[in-house]
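The values are calculated or read from the model by the stated rules, or taken from the named source; none is laboratory data. Everything numeric in this text was worked out from a predicted model, so none of it was measured. Quick reminder, even Gly has a Cβ in these numbers, built from the backbone with ideal geometry, and neighbours come from all protein chains shown. Heavy atoms of the whole protein, side chains included, go into the accessibility calculation; ligands, DNA and RNA do not. Shrake-Rupley method; radii C 1.70, N 1.55, O 1.52, S 1.80 Å.
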Amino acid sequence: MSARIINGKEISDTIRREIREEVERLSGRGIRPGLVVILVGEDPASQVYVRNKAKACEDLGYHSEVVRLPADTTQDELLHLIAKYNEDPKINGILVQLPLPKHIAEKPVIDAISVDKDVDGFHPISVGNLMIGDDSLLPCTPAGVIELLKRTGNSPAGKHAVVVGRSNIVGKPVSMLLLRENATVTVCHSRTPDLPAVARQADILIVAVGVPKLVKRDWVKPGAVVIDVGINRLEDGKLAGDVDYEDVLETAGWITPVPGGVGPMTITMLMANTLKSCKRANGID
Ligand code: GUN
């Protein structure tokens, strides 16, 4: 039997409707969530992402600011701008689009963002809060993966989740979130011997490595839930995930397509984080 498709666009639309209802309620009290996105330089992919984030803000009725800085902006100039937005009451979320130009170090920039406005969930304190299970703003793509699982009735509790990839942006935080949701979690990576054999143990297989079509049907236990976080541009211009979708389709029980699976969830979770930060700033929980 063919796998059931996890439609990230549909789930994302549902969450955005829920967010919009809350934004309307807040608006009646004179409260409006606000997000600033800061882009340094002219990376074409980043420009598309930033436009999409601003559009999501407009669609949901958020206050939205986009700051486009030239590629030769200094680290100090960027840090000063972040300090200004840390103090700006109209702004609940600050996102500095990555990657940054080479002459700017990522770490001091991420560290400079107020933890309360860290809607990317990349600040070391946010990461620490996630680790110990305290309330924090969660990184958007991992939070989106958990929403996809829960909203399709695939709760991680009691399941064996195998995460392929150990990046700070996806692999590590999604592992922590799965553990928090009471899964048994195995994290594997390029140095893991016999990756297919480990992956085959998974009830829930999460793949985030950036290698197109790495995962074949012999990596997948029949009926498993397969979540593909990869977005890779092929030579023919088409997009492919880290999972060989066609090959795995008949073996998996559930699968996310690329595009249209995890992708649409990331900006939606950014919007959810900005709303959460706004509610907190106004003493609403
Ligand atoms: N560049 C690619 N993905 C992301 C993301 O999730 N956040 C930021 N800040 N930059 C990115």
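Worth a mention:
- Which numbered condition residue 95 fails, given (1) free of Cβ contacts under 8 Å to residues at least 60 places away in the same chain; (2) part of a strand (DSSP E or B): (1)
- Of the residues making up the stretch 228-247, those that are part of a loop (DSSP other than H, G, I, E, B) and closer than 16 Å to residue 141 by Cβ are 229, 230, 231, 241, 242.
- Residues (open to solvent by 40 Å² or more (accessible area, probe 1.4 Å) and not in a helix (DSSP H, G or I)) located in the stretch 272-285: 282, 283, 285
- Hits in the stretch 82-103 - residues which are within 13 Å of the ligand (Cβ to nearest atom) and surrounded by 19 or more Cβ atoms within 10 Å (Cβ to Cβ): 82, 93, 94, 95, 96, 97, 100
- Every residue from the stretch 32-80 that is assigned to a loop (DSSP other than H, G, I, E, B) and open to solvent by 50 Å² or more (accessible area, probe 1.4 Å): 32, 42, 43, 70, 71, 72, 74
- Qualifying positions in the stretch 171-213 - within 19 Å of residue 254 (Cβ to Cβ) and of a type in the set (A, V, I, L, M): 174, 177, 178, 183, 185, 199, 202, 204, 205, 206, 207, 208
- Enumerated helices (runs of 4 or more DSSP H) restricted to the stretch 106-222, each holding at least 3 residues that are away from the ligand (no atom under 16 Å from the Cβ) and touching a strand residue (DSSP E or B) at 6+ places or on another chain (Cβ under 9 Å): 171-180, 195-199
- Of all residues making up the stretch 131-149, the number that are open to solvent by 20 Å² or more (accessible area, probe 1.4 Å) and in contact (Cβ under 8 Å) with a residue 24 or more places away in the chain: 5
- Given (1) assigned to a helix (DSSP H, G or I); (2) touching a Lys or Arg at 6+ places or on another chain (Cβ under 6 Å), number of the condition residue 269 does not satisfy: (2)
- Checking residue 231 against (1) open to solvent by 70 Å² or more (accessible area, probe 1.4 Å); (2) more than 10 Å from residue 242 (Cβ to Cβ), the condition it does not meet: (2)
- The residues listed here are 222, 196; of these, the one that is within 19 Å of residue 159 (Cα to Cα), surrounded by fewer than 17 Cβ atoms within 10 Å (Cβ to Cβ) and touching a helix residue (DSSP H, G or I) at 6+ places or on another chain (Cβ under 6 Å) is 196.
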